[in-house]
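The values are calculated or read from the model by the stated rules, or taken from the named source; none is laboratory data. This structure is a prediction, so every number in the text was calculated from the model and none was measured. Here the Cβ positions follow ideal geometry from the backbone for every residue, glycine too, while neighbour counts run over all protein chains shown.
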Amino acid sequence: MKYIVCEEPGNFQLKEKEAPVRKKGEALLKVNKVGICGTDLHAYTGNQPFFTYPRILGHELATQVIEIDENDKGIEAGDNVVIMPYLSCGHCVACRKGKTNCCTQIQVLGIHTDGGMQEQITVPVDILLPAKHLTNEQMAIVEPLAIAAHSIRRAQIVPGETIVVVGCGPIGIGIMKLAQIEGAKVIALDMNQDRLQYAKDKIGVDHIVNVTEDPVKQISEITNGDLATAVFDATGHKGALEQGPTYMSHGGRYILVGLSKGELTFTHPAIHAKETTLLCSRNATVADFERVIEILDQFPTDSFITHNVHFTEMKENFDSWLKPATGVIKATVEF
């Protein structure tokens with residue numbers, strides 16, 4: 001069985017090993033497609049927290065069941081399934097509250113433990129979701145959209161409010177579309193004009209703002225001086241994260257979805273004056289995955305996936321996916 005491993009930053013190797021053998025309570029799956037996300041890109045460049053090498057990446061997975069025992073989900077051999085790639089302990093303080101997404105002992109496939117960039121994989125049956133009606137392309141984007149759905153739920157978005165989403169990468173685009181479905185008006189921020197135009201043309205956001213062109217002034221004009229009642233950072237960039245509260249209204253919420261490796265600095269009087277609600281949003285829960293599967297037909301999957309290669313060609317293409325100039329939004333790898 002072939003697999004791809006990131007031996008160290010900047011070094012992928014295509015290797016072979018024995019196919020996995022499932023244990024009781026596990027399913028053996030054929031991996032059909034793997035989505036490439038910011039976590040994978042950061043791991044490759046050596047800028048990913050919670051990470052050790054060597055590691056088989058891949059947690060945005062489109063899979064088909066090869067072997068599975070009888071189960072209460074009704075999943076059978078031959079079925080398409082989505083993997084919720086978060087292995088939680090089930091008994092820590094977070095898990096007891098239903099917040100399995102931030103389990104104290106969480107193991108995320110492709111980050112803390114080996115992921116799906118291999119021809120076959122075994123996983124616990126309890127992290128599988130039936131997806132008979134979804135295509136491989138749709139299954140491969142459920143996980144990043146679930147992260148977006150979780151952040152929307154954390155922020156308690158309500159119809160009619162105006163939000164700002166900073167970053168027109170895959171997660172940011174997901175937040176924009178899901179916020180629209182919840183009835184919010186969306187202002188998209190980025191420095192890449194092509195990505196901003198995609199958000200306008202394909203996602204249908206209400207306004208686009210280039211962060212190099214006095215974004216606070218523009219957002220103020222759009223909102224009649226109020227600014228945004230909720231601001232989402234989907235960049236993970238230190239400078240962007242620290243700038244986010246300036247786009248937020250008094251009494252607003254600031255939701256950190258992107259992850260930065262290091263410390264952040266905020267001016268306390270500025271965030272105190274606005275009585276800022278600061279929220280971090282990590283991973284997703286079953287409810288978020290189910291929500292995405294429910295509304296996925298409203299998402300422009302075809303335009304969202306901009307690049308696709310066979311796994312034997314990934315190594316020579318991966319560097320180009322680090323460069324926004326190549327027009328990449330979401331890249332996928334076929335197995």
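Checking Ile152 against (1) in contact (Cβ under 8 Å) with a residue 40 or more places away in the chain; (2) out of contact with any Gly (no Cβ under 8 Å at 6 or more places or on another chain); (3) buried (at least 23 other Cβ atoms within 10 Å of the Cβ): exactly one of these is not met. Which one?
(1)
Yes or no, residue by residue, for (1) surrounded by 21 or more Cβ atoms within 10 Å (Cβ to Cβ); (2) of a type in the set (Lys, Arg); (3) in contact with a helix residue (DSSP H, G or I) (Cβ under 8 Å, 6 or more places away or on another chain):
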position	(1), (2), (3)
Gly35	yes, no, yes
Asp40	yes, no, no
Gly46	no, no, no
Gly58	yes, no, yes
Asp69	no, no, yes
Ile75	yes, no, yes
Asn101	yes, no, yes
Leu109	yes, no, no
Gly116	yes, no, no
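Considering only residues that are assigned to a loop (DSSP other than H, G, I, E, B) and closer than 21 Å to Ile121 by Cβ, which ones fall in the range 45-59?
Matches in the range 45-59: Gln48, Phe50, Phe51, Thr52, Tyr53, Pro54, Ile56, Leu57, Gly58, His59.
Out of curiosity, is Ser260 within 22 Å of Ile111 (Cα to Cα), of a type outside the set (Val, Ile, Thr) and part of a loop (DSSP other than H, G, I, E, B)?
So Ser260 passes the test.
Go through the range 298-335 residue by residue and tally those that are crowded, with 19+ Cβ neighbours inside 10 Å and of a type in the set (Lys, Arg).
Total satisfying the criteria: 1.
Only residues that are polar (S, T, N, Q) and modelled with pLDDT of 95 or more: list them for the range 21-73, please.
Hits for the range 21-73 are Asn32, Thr63, Gln64, Asn71.
Does Ile4 satisfy the condition of being out of contact with any Ser or Thr (no Cβ under 9 Å at 6 or more places or on another chain), over 27 Å from Val292 (Cα atoms) and of a type in the set (Val, Ile, Thr)?
Spelling it out, Ile4 is indeed out of contact with any Ser or Thr (no Cβ under 9 Å at 6 or more places or on another chain), over 27 Å from Val292 (Cα atoms) and of a type in the set (Val, Ile, Thr).
Considering each residue of the range 77-93, count those that are of a type outside the set (Val, Ile, Thr), surrounded by fewer than 18 Cβ atoms within 10 Å (Cβ to Cβ) and over 16 Å from Val31 (Cα atoms), and give that number.
Summing the residues that are of a type outside the set (Val, Ile, Thr), surrounded by fewer than 18 Cβ atoms within 10 Å (Cβ to Cβ) and over 16 Å from Val31 (Cα atoms) in the range 77-93 gives 4.
For the range 12-48, enumerate the residues that are more than 17 Å from Met84 (Cβ to Cβ) and either of a type in the set (A, V, I, L, M) or not assigned by TED's automatic domain parsing to the domain that holds Leu109 (or both).
Result: Leu14, Ala19, Val21, Leu28, Ile36, Leu41, Ala43.
Quick grid of which residues meet (1) modelled with pLDDT under 95; (2) over 21 Å from Gly35 (Cβ atoms):
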| site | (1), (2) |
| --- | --- |
| Met84 | no, no |
| Ser88 | no, yes |
| Cys92 | no, yes |
| Cys95 | no, yes |
| Thr100 | no, yes |
| Gln105 | no, yes |
| Ile111 | yes, no |
| Gly116 | no, no |
| Ile121 | no, no |
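Inside the range 193-228, can you point out the residues that are in a loop (DSSP other than H, G, I, E, B) and either more than 26 Å from Leu296 (Cα to Cα) or aromatic (Phe, Trp, Tyr) (or both)?
Answer for the range 193-228, where residues must be in a loop (DSSP other than H, G, I, E, B) and either more than 26 Å from Leu296 (Cα to Cα) or aromatic (Phe, Trp, Tyr) (or both): Val211, Thr212, Glu213, Asp214, Thr223, Asn224, Gly225, Asp226, Leu227.
Name the residues in the range 178-202 that are under 26 Å from Glu294 (Cβ atoms), touching a residue at least 60 places away in the same chain (Cβ under 8 Å) and surrounded by fewer than 23 Cβ atoms within 10 Å (Cβ to Cβ), would you?
Scanning the range 178-202 gives Ile181, Lys202.
Can you tell me how many residues in the range 234-259 are small (Gly, Ala, Ser), at pLDDT below 95 and out of contact with any Asp or Glu (no Cβ under 9 Å at 6 or more places or on another chain)?
1
For Leu241, state whether it is in contact with a strand residue (DSSP E or B) (Cβ under 9 Å, 6 or more places away or on another chain), assigned to a helix (DSSP H, G or I) and free of Cβ contacts under 8 Å to residues at least 40 places away in the same chain.
Answer is yes for this residue.
Regarding Glu7, is this residue exposed (fewer than 13 other Cβ atoms within 10 Å of the Cβ) and not hydroxyl-bearing (Ser, Thr, Tyr)? Talk me through it step by step, then tell me what you get.
Details: exposed (fewer than 13 other Cβ atoms within 10 Å of the Cβ): yes; not hydroxyl-bearing (Ser, Thr, Tyr): yes.
Criteria met by Glu7.
Where in the range 114-186 are there strands (runs of 3 or more DSSP E), lying fully within it, with 1 or more residues that are under 29 Å from Cys6 (Cβ atoms) and assigned by TED's automatic domain parsing to the domain that holds Gln64?
Passing ranges, in order: 120-124, 128-130.
Of the residues in the range 263-277, how many are exposed (fewer than 13 other Cβ atoms within 10 Å of the Cβ) and either in contact (Cβ under 8 Å) with a residue 40 or more places away in the chain or not in a helix (DSSP H, G or I) (or both)?
Of all residues in the range 263-277, those exposed (fewer than 13 other Cβ atoms within 10 Å of the Cβ) come to 263-265, 267-270, 272-273, 275.
Then keep just the ones that are either in contact (Cβ under 8 Å) with a residue 40 or more places away in the chain or not in a helix (DSSP H, G or I) (or both); that gives 263-265, 267, 275.
Residues in the range 263-277 being exposed (fewer than 13 other Cβ atoms within 10 Å of the Cβ) and either in contact (Cβ under 8 Å) with a residue 40 or more places away in the chain or not in a helix (DSSP H, G or I) (or both): 5 in total.
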